[in-house]
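The values are calculated or read from the model by the stated rules, or taken from the named source; none is laboratory data. All of these numbers come straight from a predicted model, not from anything done at the bench. In this analysis, Cβ positions are derived from the backbone assuming ideal geometry, glycine residues included, and neighbour counts consider all displayed protein chains.
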Amino acid sequence: MSATTNALAARRAAAARYQPRKIKLLLVAEAPPCDTGRYFYFEDVDRHDWLFRYVYEGLTGQKPTREGKAGHLAELRDAGLFMIDLHEENAKQPSAAILTPCIRGLIDRCRKLKPKHIALIKSIVHDVAFEPLTKAGLPVIDERLPFPASGQQKKFLEGFARVLRASGF
């Protein structure tokens, strides 16, 4: 098994532990971090866990702790929130040309997951995925959420609050 295959299998196994039976809100991010030790569903991430931190804060109003991440992930699961990536492998500087071929697979995964609502994280994800997901009859919320890093945290939390209202939280 290659390192890429091992990393993908580890991410899928970690996510499976926290997948809700019924998904109220599915978040679609761009791609997993290039650092294979970091991922939204990994319980022991010691740095740059931006997306997890701000999703949790946006949903609960509380800042998560690193030591309590497993419990925080369980809270997200129990609330019906789940996150997947458009591009399932690490992709340095993903572009529309790299992400667009992944849309068919994303549509298939979304249909299997049967979320009540879908939100797209990062403008590029919105640009390449919003229209195809909508045309496929999937319940996508039209909100451009920035990735919550590089000074975009406040803007993410504001947009995420709108997404949560639109999805009935």
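A few points about this structure:
- Of note, Ala79 satisfies the criterion of being aliphatic (A, V, I, L, M), in contact (Cβ under 8 Å) with a residue 24 or more places away in the chain and surrounded by 14 or more Cβ atoms within 10 Å (Cβ to Cβ).
- Residues satisfying the stated conditions in the stretch 44-70, i.e. among the basic types (Lys, Arg) and either surrounded by fewer than 16 Cβ atoms within 10 Å (Cβ to Cβ) or closer than 16 Å to Gly80 by Cβ (or both): Arg47, Lys63, Arg66
- The stretch 122-144 - residue that is assigned to a loop (DSSP other than H, G, I, E, B) and among the small types (Gly, Ala, Ser) and, of those, surrounded by the most Cβ atoms within 10 Å (Cβ to Cβ): Ala136
- Per-region count, the stretch 23-43, residues within 13 Å of Arg12 (Cα to Cα) and surrounded by fewer than 16 Cβ atoms within 10 Å (Cβ to Cβ): 0
- Out of Gln62, Gln93, one residue alone is without any contact (Cβ under 8 Å) to a residue 12 or more places away in the chain and either within 16 Å of Leu164 (Cβ to Cβ) or β-branched (Val, Ile, Thr) (or both). It is Gln62.
- For the stretch 96-119, the set of residues classified as of a type in the set (A, V, I, L, M) and either in contact with a Leu (Cβ under 7 Å, 6 or more places away or on another chain) or surrounded by fewer than 13 Cβ atoms within 10 Å (Cβ to Cβ) (or both) consists of Ala96, Ala97, Leu99, Leu106, Ile107, Leu113, Ile118, Ala119, listed by residue number.
A quick yes/no check of all residues on (1) touching a strand residue (DSSP E or B) at 6+ places or on another chain (Cβ under 9 Å); (2) closer than 30 Å to Ser2 by Cβ:
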{"residue": "Pro64", "(1), (2)": "no, no"}
{"residue": "Leu81", "(1), (2)": "yes, no"}
{"residue": "Glu88", "(1), (2)": "no, yes"}
{"residue": "Ile98", "(1), (2)": "no, yes"}
{"residue": "Pro146", "(1), (2)": "yes, no"}
{"residue": "Ser150", "(1), (2)": "no, no"}
{"residue": "Gln153", "(1), (2)": "no, no"}
{"residue": "Gly159", "(1), (2)": "yes, no"}
{"residue": "Ala166", "(1), (2)": "yes, no"}
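- The set of residues from the stretch 77-108 being modelled with pLDDT of 95 or more and at positive phi comprises just one member, Gly80.
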